[in-house]
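The values are calculated or read from the model by the stated rules, or taken from the named source; none is laboratory data. Predicted, not measured: the structure shown is a model, and the values here were computed from it. Glycine also receives a Cβ, built like all others from the backbone with ideal geometry; neighbour counts cover every protein chain displayed.
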Amino acid sequence: MSAKVTVVLLIWNEWHHTSSCLSSLKHLDYPNFDVVVVDNGSTDNSVALIRGIFPWAKVIENGKNLGFSGGCNVGIKYAQQQGSDFIWLLNNDTTVDPGALRAMVEKAQTNPRIGAVGSVIYFMDEPTRLQCWGGGYVNFWLGRSGHFLQKVDDDQVEFITGCSLLLSRAAIDEIGSLEERFFMYWEDADICFRLRRAGWLLAVAANSKVWHKGYTTMGKAKASAYRHFSASASYFFSKHAPVPKFSIWVGFATRIAKRIVVGDWEKLRAVWVGMTHGRVAS
């Protein structure tokens with residue numbers, strides 16, 4: 001019998017994205033999966049629409065926005081209660097190839113110590129252009145992270161992006177779920193660094209294809225995104241960097257300099273507030 005997988009789809013409004021994603025999940029060729037949609041307090045009638053059009057998807061309403069980590073953890077807990085072997089965290093602004101899940105599970109089963117598997121992610125509006133090969137790396141000298149834009153060996157991957165992240169239930173049972181102090185951003189890097197520290201491996205399934213609308217440039221993001229990004233970055237480096245203060249301040253200086261150059265004082269303030277609130281790991 002195939003391993004059981006629960007797909008966790010976290011939503012906060014954006015019904016049009018969620019509808020496209022669920023439509024693509026319906027065509028997965030994997031024989032043993034269920035889908036749980038975790039709603040972080042949507043106000044656009046998403047929940048009613050999902051229940052009416054996609055009744056096969058389980059819906060859990062949080063009633064408020066718990067952030068990415070908090071919302072996904074609700075889905076992870078549900079998957080654990082269902083006895084799932086794997087948990088697939090998937091962004092709602094994606095569509096997936098019918099073989100995407102099968103390829104990830106097959107990759108995970110090549111080694112029982114693989115704790116997380118990623119997909120090959122392409123741009124939604126440029127379907128043949130690579131957006132990310134599974135995940136990326138962290139540069140502690142520059143206080144920043146980057147995504148791989150070409151194929152790399154699995155042992156080079158330092159984290160799997162939360163856009164498409166298949167987690168081993170056994171690994172999660174050992175190290176715990178996403179850390180909820182990361183409201184948005186860096187939670188995927190954190191859990192992957194924790195996995196690796198505990199002896200688990202990361203891998204990318206070359207035949208798992210996902211198309212993603214996101215990854216717009218930070219320059220177009222709202223000020224709140226800068227605040228959350230900076231807070232999470234500071235907290236991540238305070239936990240994982242060999243010299244935390246160095247990584248935090250170099251990354252902070254770079255983000256501040258960019259905002260000064262373009263004269264965006266609102267986002268500069270957001271970077272400062274985020275950095276000062278997130279820099280100490282407890």
The residue from G199, G134, G214 that alone is of a type outside the set (A, V, I, L, M, F, W, C), at positive phi and either at pLDDT below 90 or buried (at least 20 other Cβ atoms within 10 Å of the Cβ) (or both) is G134
Does any residue in segment 235-256 that is at pLDDT below 85 and of a type outside the set (V, I, T) come within less than 6 Å, Cβ to Cβ, of a residue that is surrounded by 20 or more Cβ atoms within 10 Å (Cβ to Cβ) and assigned to a helix (DSSP H, G or I) six or more places away or on a different chain, and which pairs are these? S247/F237; G251/A233; F252/M275; R255/V271
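Among the residues that make up segment 139-148, is at least one of them surrounded by 23 or more Cβ atoms within 10 Å (Cβ to Cβ), in the same structural domain as G75 (by TED's automatic domain parsing) and part of a loop (DSSP other than H, G, I, E, B)? Lay out the reasoning, then the answer.
Step one: of segment 139-148, the residues surrounded by 23 or more Cβ atoms within 10 Å (Cβ to Cβ) are 143.
Checking which are in the same structural domain as G75 (by TED's automatic domain parsing) leaves us with 143.
Still in the running and part of a loop (DSSP other than H, G, I, E, B): 143.
Scanning segment 139-148 turns up at least one residue that is surrounded by 23 or more Cβ atoms within 10 Å (Cβ to Cβ), in the same structural domain as G75 (by TED's automatic domain parsing) and part of a loop (DSSP other than H, G, I, E, B).
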Residue check for P127: closer than 26 Å to M1 by Cα and either hydrophobic (A, V, I, L, M, F, W, C) or surrounded by fewer than 16 Cβ atoms within 10 Å (Cβ to Cβ) (or both): no
Yes/no for G162 being assigned to a loop (DSSP other than H, G, I, E, B), under 19 Å from the mean Cα position of the chain (by Cα) and either closer than 20 Å to K213 by Cα or not polar (S, T, N, Q) (or both): yes
Checked against (1) at pLDDT 80 or above; (2) of a type in the set (A, V, I, L, M, F, W, C); (3) crowded, with 17+ Cβ neighbours inside 10 Å, L268 satisfies every condition except (1)
